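Take a look at the structure set out below.
The values are calculated or read from the model by the stated rules, or taken from the named source; none is laboratory data. Model, not experiment: these values are computed from the prediction. So basically every Cβ, Gly included, is an ideal-geometry build from the backbone, and we count neighbours across all protein chains shown. With ligands, DNA and RNA removed, areas are computed over all heavy atoms of the protein, side chains included. Shrake-Rupley method; radii C 1.70, N 1.55, O 1.52, S 1.80 Å.
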Amino acid sequence: MGFFSKIKKMWGNADAPQAAPAAGTPADESPTLTETAAPPSPAPEAPVTEAQAALALALRQAEPRLSAWLAIILEGQDKASPLLWERLGFLFKSLEAPESEAAEFIARFQKWLTDMDYVRVEDFRSELQYRLALALELEDEEDERDRLFIKLSEGLTKTREQIARRLDTLLTSRGKIDEEFWDELEEVLITSDMGFEAASLLLARLRDRVRRSGVTATEGFKDLLRLELEGIFKPPKRIQAVNPPEVVMMIGVNGVGKTTTIAKLAHRARMQGKKVLIAAGDTFRAAAIEQLEIWARRVGADFFAKTEGADPAAVAFEAIEKGLAGGYDLIFLDTAGRLHTKKNLMEELEKIRRVAGKKHPGAPHRSILVLDATTGQNAMSQTKLFNEGVGVDEIILTKLDGTAKGGIIVSIALAHNLPITFVGLGEKMEDLRPFMGEDFARALLS
Ligand SMILES: Nc1nc2c(ncn2[C@@H]2O[C@H](COP(=O)(O)OP(=O)(O)OP(=O)(O)O)[C@@H](O)[C@H]2O)c(=O)[nH]1
Ligand SMILES: [Mg+2]
């Protein structure tokens, strides 16, 4: 547990001898770290080679950040090679990660490269950093947050154009916060897919905040708006503890991204060393079951399915049985977005809930509603429908990349006291990221 604290201890220890000024060049001059091409010897007392010592020194002297360490590991490398894996293994070792963990990480990554047909570092560097951040529990690190922020900003480009650009025009053209300013602001908010209700609520809160702050010029307004949004995006407190396996049920209308989001979440969990089972509760079409099985294989999760048309509640029941017996940490249950029978979707989901809870008290521990940002205000009625129908514990908003309708997130956060936990910023595994309200507000307005 807590690699981050270990790292802090390691690299930030005042008693540790300060690294000597860079002597010569880092390890990339030597062809290999060890005499042979074999991975670092498992014996901890194995003699340290010159190349390893140089690499250790370079890592030690670098800023204590994942990206800086990775830059050193990848220095002079433009392709996947035995040397690269050796250096990566050395990074794990330097961070006191168990050897077996490093070996598993590397083997899985190599397999992924083969599957994806990637060889060049530039094709896989980003994924490698993402996986390392998860495996080494460094996702909260400033660097990773910066990377996420850039990704978020890119993803929000169109939404930002809708909101920020028009807001900027309004702010510079008016100069003073008066009634006309409020009227025009209301228009900007409503047309950015925030919807009438949310816009009115936000305006009322903003008026109050502006009054309290004493700000009268439009100059200081953006900061106040950012603060207000940050407050709106603050997640309500929840009990996190669960009796394993934690059962996560994915719900939402068809096409929003339930199945791919399960894959992305399972990928994250696997990188964090969890044992994951994915269950095919969408028995609507055989292709859905196959799609999920392929994903499970790709991310290294186990898979449970029955036949097409089977009762999804039975799938849930048996998957939980398998999960309990197999010592799983996490079970993801995919569900259908629409049904082949006349039966009500909510009834079916409710039945899954009931049956899951009977087999494993507290299950499903999390019902995640997946919403597609490109549907704009439609997402609001879906939230209401699912929340009243079966209950929703958290929301994941997908497809924020490339839509101008990202303002919907404000309405969702305002209308329901539900946490938005992740946002989808693209189709790649690393494109599902934890939602951080502060960063989001900043990215939206900057
Ligand atoms: N651009 C982008 N595409 C996404 C994102 N999330 C999912 N998708 C794509 O959306 C499409 C539908 O995703 P699925 O996961 O199959 O959706 P689903 O909800 O399981 O659909 P049904 O099973 O038909 O109900 C896929 O092509 C995904 O790659 C995202 O954040 N951004
Ligand atoms: Mg699906």
Next item on the list: List the residues of segment 222-250 whose backbone N lies under 20 Å from a point placed 7 Å from the Cα of residue 339 along the Cα-to-Cβ direction.
Entry: 249-250
Margin query: So if I average 1/r over every pair of distinct C-alpha atoms in segment 47-138 and take the inverse, what Kirkwood radius in Å does that give?
Written below: 13.4 Å
Next item on the list: Send over a whole-number figure in Å² for the accessible area per residue of the chain, probe 1.4 Å.
Entry: 47 Å²
Next item on the list: With +1 on each Lys and Arg Cβ and -1 on each Asp and Glu Cβ, and nothing else charged, work out how big the dipole of the chain is about its Cα centre, in Debye to the nearest 20.
Entry: 1200 debye
Next item on the list: Whenever you get a sec, compute what percent of the accessible area on segment 246-437 sits on carbon and sulfur atoms (1.4 Å probe).
Entry: 48 percent
Item checked: Top positive-direction residue, dipole computed over segment 264-332 with Cβ charges, set 313, 265, 296 -> 265
Checklist line | Mean Cβ count within 10 Å, highest first, over the residues of peptides 154-167, 100-113 | finding: 154-167, 100-113
Notebook entry, point to check: So, with +1 on the Cβ of K and R and -1 on the Cβ of D and E, and no other charges, what is the size of the charge dipole of segment 47-138 about its Cα centre, to the nearest 20 debye?
Noted result: 80 debye
Check: Going by average Cβ neighbours within 10 Å, how do the peptides 60-69, 402-411 rank, with the highest at the top?
Finding: 402-411, 60-69
Check: Which order, highest average first, do 436-446, 199-209 follow once you tally other Cβ atoms within 10 Å for each residue and take the mean per peptide?
Finding: 436-446, 199-209
Notebook entry, point to check: To the nearest Å, what is the center-to-center distance of segment 120-136 and segment 325-379, using C-alpha atoms only?
Noted result: 31 Å
Margin query: Could you compute how fast segment 302-446 diffuses translationally, taking Rh as the Kirkwood radius over C-alpha pairs and applying Stokes-Einstein at 37 °C with viscosity 0.692 mPa s? Give it in µm² per second.
Written below: 196 µm²/s
Notebook entry, point to check: Under the Karplus relation 6.51 cos²θ - 1.76 cosθ + 1.60, θ = phi - 60°, what is the ordered set of whole-Hz ³J(HN,Hα) values for segment 161-169, x standing for Gly and Pro?
Noted result: 4, 4, 8, 5, 4, 5, 5, 4, 4
Note to self: Run lengths n ≥ 4 of DSSP H only: what is the helix-derived mean residue ellipticity at 222 nm for the chain, with -39500 (n - 2.57) per run over all residues, to the nearest 500?
What the structure shows: -16000 deg cm²/dmol
Item checked: Distance from segment 229-275 to segment 284-310 (C-alpha centre basis), Å -> 18 Å
Checklist line | Estimated D of the chain in µm² per second, where Rh is the Kirkwood radius over Cα pairs and Stokes-Einstein applies at 4 °C, 1.567 mPa s | finding: 53 µm²/s
Item checked: Overall form of segment 160-200 per C-alpha gyration tensor (a/c, 1.5; a/b vs b/c) -> oblate
Check: For segment 142-287, what log10 I(q)/I(0) values come out of the Debye formula at q = 0.09 1/Å, with one point per alpha carbon and no solvent?
Finding: -0.48
Margin query: Give me, ordered by chain and number, the residues 5 or more places off residue 246 or on other chains with an amide H under 5 Å from its own placed amide H.
Written below: 330, 331
Notebook entry, point to check: Using a 1.4 angstrom probe and counting only protein chains, how large is the accessible area of residue 398 in Å², to 10?
Noted result: 10 Å²
